[in-house]
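The values are calculated or read from the model by the stated rules, or taken from the named source; none is laboratory data. Owing to the predicted nature of the structure, the values given are computational and were not obtained by experimental measurement. Here the Cβ positions follow ideal geometry from the backbone for every residue, glycine too, while neighbour counts run over all protein chains shown.
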Amino acid sequence: MNVYHLARSVLDELCAATDGLNVMLVDEDTLPLVSMVYGWRTRQLSDKEVFSVDKLASLREPMPEVNATVFVRASHGNILSLQQELSQPNYRSYAIFFTNEVDATDLELLAEADTRELVAQIKVVNLDYLPMDTNLFSLETLGAFNHPEQLTRNMLSRCRDGLLSVIRGLGLHPTLRYQGNSGQCQQLAEALKPHLLQATEGDTMLLLLDRRQDLVTPSIQQWTYQAMMHELYGLSCGRLDLTRAQAELKEVEEPAVMTSFADEFFGRARFTKFPQNYLSIMELEKVVTKRFFRTPESNYFDFQSHAQERFEKIQTALRERRYEPRDLLRIFMQVAIRYPDKAGCAEYVRLQEAFLNAGLSPLDLQCVDRAAELSRPSAPASSKDWESYILRSTFPNADPDDEEEDSHTPLLAGLLQELDKGSLNEKKYPWVPGLLGQKRYAQILFSRRPLAHLMARFAHLDHAV
């Protein structure tokens, strides 16, 4: 079960749907999907006689001798754009492919607009996700925590439709479990259940998790090659943004493709420690060296020390080193999570002042406080448990050159180990009734954020997002 190969085979089928020269019409969601699958290289599409990829909603010149392949989500806006396109056609024929289910009423609207009978076929292809790796996909959803207790209607439908496209595309019949203390996970589980096969035995288990249960891990700097490339430059939809490096690298012309299926070196090196790889990339060495070792303290402020000693240590580090804003935010996130009860805490107030003096804005502090508050419903309940949680999740002696396993172990790692052993607590992670199976499962893990940093340790899991 390979989500990249599935996406590639579906898109190859789309490109071959009509004979002769083709234009592919996409939307904001499917454009990055097409680009990622073909490695952001237009040559691979031109070899399939697709000479242009345009947005459906854009203005285009009529090409009556060319066929059009439409690949879009079945959103209200796209249906309106298709109606307009079919009523005033720019191409000889249309093959329309939707990423997910489409309402019968929308199909009727398209049929009414197609007065010249130019639509050759309409098909649902169940491809409503981005294949980040062979066993990692993303729905690229933002804003899920704007309403922390419940997902908005649009967010709920996006998560549901994206997961169903993976399940249907791979031909799976999953059972379903979710994080019991998360209202969002329960809401999504209830939305998925009517669409899943009612069976007593399934071949897959889908586990829904709430990312808020561990805010420490995102605030800690990872040392793998993939993570450091993201830290140094930025990775988005399989492209490395070298904008920051242009001052140092005179010949940078466009973002580099960096996916395991388009870059052989990246595929081999992405989960290994960065220092083991960066010397072999000589053109990046100068920029990397300037930035790489600037913020080691952001990983390991020692929370086991006395309060006054801890405060002085952090204050000294902030005074002696010049941090970039995002690194200050990372450090303050670890500090804020350390104080679940901030009201009336003099030490926390002093730390806030220290970070303000170091360069954070009042809005930055408010955002971090808000993020820490959002984590509380899914965090350990008692102060003692919370203290233990932080001490387990923060490592005081990180060494980027150490070839041993990182001493930081995300909470998610323990959950996955329990899941693989079949010992995951059924009260904390209940089954959805009616979909309960009786055998060992392949696993699909769904969280609010991509989990790429864990995939090296849990390569036996089939899929994660």
What residue, of Ser35, Ser46, is of a type outside the set (Phe, Trp, Tyr) and either surrounded by fewer than 17 Cβ atoms within 10 Å (Cβ to Cβ) or touching a helix residue (DSSP H, G or I) at 6+ places or on another chain (Cβ under 8 Å) (or both)? Ser46
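Here are Asp47, Asp54, Asp114, Asp133: which of them is of a type outside the set (A, V, I, L, M, F, W, C) and under 28 Å from Leu209 (Cα atoms)? Write out each step before concluding.
Values: Asp47 fails: under 28 Å from Leu209 (Cα atoms); Asp54 fails: under 28 Å from Leu209 (Cα atoms); Asp114 fails: under 28 Å from Leu209 (Cα atoms).
Testing whether each residue is of a type outside the set (A, V, I, L, M, F, W, C) and under 28 Å from Leu209 (Cα atoms) leaves just Asp133.
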Flag for Ala95 being touching a residue at least 40 places away in the same chain (Cβ under 8 Å), more than 22 Å from the chain's Cα centre (by Cα) and assigned by TED's automatic domain parsing to the domain that holds Leu31: yes
Out of everything in region 232-244 that is surrounded by fewer than 19 Cβ atoms within 10 Å (Cβ to Cβ) and touching a residue at least 24 places away in the same chain (Cβ under 8 Å), what residue ends up being farthest from Pro131 (Cα to Cα)? Arg244
Suppose we keep only residues that are at pLDDT 80 or above and touching a helix residue (DSSP H, G or I) at 6+ places or on another chain (Cβ under 9 Å) within region 431-445. Which one would you say is surrounded by the fewest Cβ atoms within 10 Å (Cβ to Cβ)? Pro433
If Leu82 meets every condition in (1) in contact with a helix residue (DSSP H, G or I) (Cβ under 8 Å, 6 or more places away or on another chain); (2) closer than 27 Å to Ala262 by Cβ; (3) at pLDDT 95 or above apart from one, which number is that one? (2)
Taking strands (runs of 3 or more DSSP E) that fall entirely within region 125-217, which contain at least 1 residues that are modelled with pLDDT of 85 or more and closer than 27 Å to Arg270 by Cα? 130-133, 136-138, 204-208
Considering region 110-125, residues that are farther than 15 Å from Asn90 by Cβ and among the charged types (D, E, K, R), and then whichever is surrounded by the fewest Cβ atoms within 10 Å (Cβ to Cβ), we arrive at Glu117
Might you let me know whether region 249-266 holds any residue that is among the small types (Gly, Ala, Ser), at pLDDT 75 or above and in contact with a helix residue (DSSP H, G or I) (Cβ under 6 Å, 6 or more places away or on another chain)? yes
Selection from region 47-70 of residues that are free of Cβ contacts under 8 Å to residues at least 12 places away in the same chain and farther than 17 Å from Ala17 by Cβ: Ser58, Leu59
If you scan region 88-131, which residues turn out to be under 18 Å from Glu28 (Cα atoms) and in contact with a Pro (Cβ under 7 Å, 6 or more places away or on another chain)? Leu130
